[in-house]
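Notes to accompany the following structure.
The values are calculated or read from the model by the stated rules, or taken from the named source; none is laboratory data. Fair warning: this is a prediction, and the values are worked out from it, not measured in the lab. Glycine gets a Cβ as well: all are built from the backbone with ideal geometry, and neighbour counts include every protein chain shown. Calculation scope for accessible area: heavy atoms of the full protein, side chains included, ligands and nucleic acids excluded. Shrake-Rupley method; radii C 1.70, N 1.55, O 1.52, S 1.80 Å.
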Amino acid sequence: MKVLVIGSGGREHAIAYALNKSSKVSEIHAIPGNPGIAKIGTCHSGSVEDLEGILAFVESHAIDFTVIGPEVPLCMGLADLLESKGHKVFGPQKFAATLEGSKAFSKDFMIRHNIPTAAYKEVKTYEEAVEALKDFNYPVVVKADGLAAGKGVVICEDEKMAKDTLWDMMENKCLKDAGDVVVLEEFLTGFECSLLCFCDGNTIVPMVSAKDHKQIYENNQGPNTGGMGTVSPNPFLGDMDEVFKTDILEPFMAGLKKDNMDYRGVVFIGLMIENNKAKVLEFNVRFGDPETQSILLRLDTDLFDIMYAVATRTLDQVKVNWKKEQVACVVLASNGYPGSYEKGKVITGLDQTKDDIIIFHAGTKEVDGNIVTNGGRVLNICALGENLDEALAKVYEAIEVVDFDGKTYRRDIGRN
C-alpha cells in the first residue's frame, strides 16, 4: 500500500514512523513532510490547504490511503473531497470536523447530547462579551471560536485581563477571523487529561492515556503553547475507564449518530478531572500534538490495520493492544516561543544520541546539508522505559546531546 501523510509536524512524523513498521505499507509519502519523515519516506512540496493539489497528487501517484494530520484540511473538507473521488482516507468529514472548527458548535453539541462540560456563553461583539462577563466569576476562560493553532484559549485572572483579551481577539483581530465569535467559559479546577480514541462512526476505541504540559515555563507558568511535552500513561489519572465510557464516550457516539456526522478518524477529547468526575474542555478532530508522539510509541498493533479499519467502518474487528512500557516526550523549542522567535539555527547531535532515543522532527528543515530550526516547536525527544523515571532519565540525557542556539525546554515534564 502507498500511504500519503498530510502535514509537516512532530505528530505527522510519529504517524509516519508507526506506519513504516507495517508490513502492509510499501511506500510512505508526505505533503509537505519534514526532514525526519524524509528518512523513511518521500516528501513532496505543497500546502496542506491545497485540497485540489492533494487530490491531483493522490491520483497521479496512485496513492492507496491518505492520512490527514492537521485540523485545517479536515475542517476545509479534504476527507470529503478524496472520498467523493473514490479514495480511502483516514479523517472525519467536514461537518464532523466542525467539532474542532467552531468552539461554539462544539459546546452546543455537548449540551444537546448531555456531555458534561463547563457553563458557557457565546458572544458575537465586544460589547456583548463585556456584558456577558458579569455572569462569570474569575478566572474566566476566553476562547476564540475558530481555529487558532492552539493559541485561541486564554485564562483571564481578572476583569481587566478579560476585557483586554476580548478586545485583542474581537477588535484587534489578533487571531484574524478566528475571534469573530468568542466563547466565554466557566473556569474548571482539577487536572487536565488527554483522551484520544479511534472512531469509525459505529465503534470507539480509547487509546492509552497521556498527560500534556501546555504552558511554556516550569510549574505550569506562562502562556499556553501547542504543548511542551507529554508522558504516557498520565501519572495523575486513576482508573476512570468506566466513567469515561458512561459519561463521555457513549453520549458522544449517540450524538454523532443523531446528528448524522460521518466521523472516521481520531477524536481527541480534552478533559478536566476532579473528584473522579470528568468534564470535556474541547474536542479535537485529529491526533493531538505532542500526545501522539507518546501514545503511538506504546502501540502494539499495526497502525495501518487500525486506520484502514476506521476508514472502512470495521474497527470492531481489530484488537488494539498496547505496550506496558511508559513513554516520555520532551519538546525542544526555539527561544521566544510561543511569541516571536528566530529560525535557521543549526541543530547538532541528532545522530549522536543512544539507539533507544526516538527523535521526531516538528519544526525543522534541511539547508545546505544541515538540519536547522524552522518553527517554534523544533524537536520531540522521546524514549520508552520500564517506568516513568527511566523514560524521563533517557530523554533528559539525550537533550544534553542535541543542541541548537536558543534551545528551550521544560525540565519538569511528567512531574507537574
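Structure above, values below:
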| quantity | calculated |
| --- | --- |
| Selection within region 348-357 - in a loop (DSSP other than H, G, I, E, B) and open to solvent by 50 Å² or more (accessible area, probe 1.4 Å) | Asp351, Gln352, Lys354, Asp355, Asp356 |
| Residue selected from region 253-310 under the condition of a type in the set (Val, Ile, Thr) and over 23 Å from Asn380 (Cα atoms), by the criterion surrounded by the fewest Cβ atoms within 10 Å (Cβ to Cβ) | Ile273 |
| Members of region 325-347 found to be basic (Lys, Arg) and surrounded by fewer than 14 Cβ atoms within 10 Å (Cβ to Cβ), listed by number | none |
| Every residue from region 358-378 that is open to solvent by 60 Å² or more (accessible area, probe 1.4 Å) and in contact (Cβ under 8 Å) with a residue 40 or more places away in the chain | Lys365, Glu366 |
| Residue check for Leu184: touching a helix residue (DSSP H, G or I) at 6+ places or on another chain (Cβ under 6 Å) and more than 22 Å from Arg286 (Cβ to Cβ) | yes |
| Exclusive hit being outside any strand (DSSP E or B) and open to solvent by less than 10 Å² (accessible area, probe 1.4 Å), set Ile413, Ile381 | Ile413 |
| Residues that are under 17 Å from Gly227 (Cβ atoms) and either touching a His at 6+ places or on another chain (Cβ under 8 Å) or part of a strand (DSSP E or B) (or both), drawn from region 384-410 | Thr408, Arg410 |
| Verdict on Pro73 being under 16 Å from Glu366 (Cα atoms) and not basic (Lys, Arg) | no |
| Qualifying residues in region 19-47 (those that are over 15 Å from Ala62 (Cα atoms) and among the charged types (D, E, K, R)) - the one least open to solvent (accessible area, probe 1.4 Å) | Lys24 |
| Residue list for region 378-398, restricted to those being under 11 Å from Ala362 (Cβ atoms) and in contact with a helix residue (DSSP H, G or I) (Cβ under 7 Å, 6 or more places away or on another chain) | Asn380, Ile381 |
| Wholly within region 56-150, strands (runs of 3 or more DSSP E) carrying at least 1 residues that are open to solvent by 10 Å² or more (accessible area, probe 1.4 Å) and either over 30 Å from Pro338 (Cα atoms) or aromatic (Phe, Trp, Tyr) (or both) | 88-90, 120-123 |
| Hits in region 158-178 (condition: modelled with pLDDT of 95 or more and open to solvent by less than 10 Å² (accessible area, probe 1.4 Å)) | Ala162, Leu166, Met169 |
| Per-region count, region 9-50, residues part of a helix (DSSP H, G or I) and within 21 Å of the chain's Cα centre (by Cα) | 13 |
| Lone unmet requirement of (1) more than 23 Å from Leu196 (Cβ to Cβ); (2) touching a Lys or Arg at 6+ places or on another chain (Cβ under 8 Å); (3) of a type in the set (A, V, I, L, M) for Ala118 | (1) |
| Unmet requirement for Asp247, which otherwise passes all of (1) farther than 22 Å from Asn202 by Cβ; (2) in contact (Cβ under 8 Å) with a residue 24 or more places away in the chain | (1) |
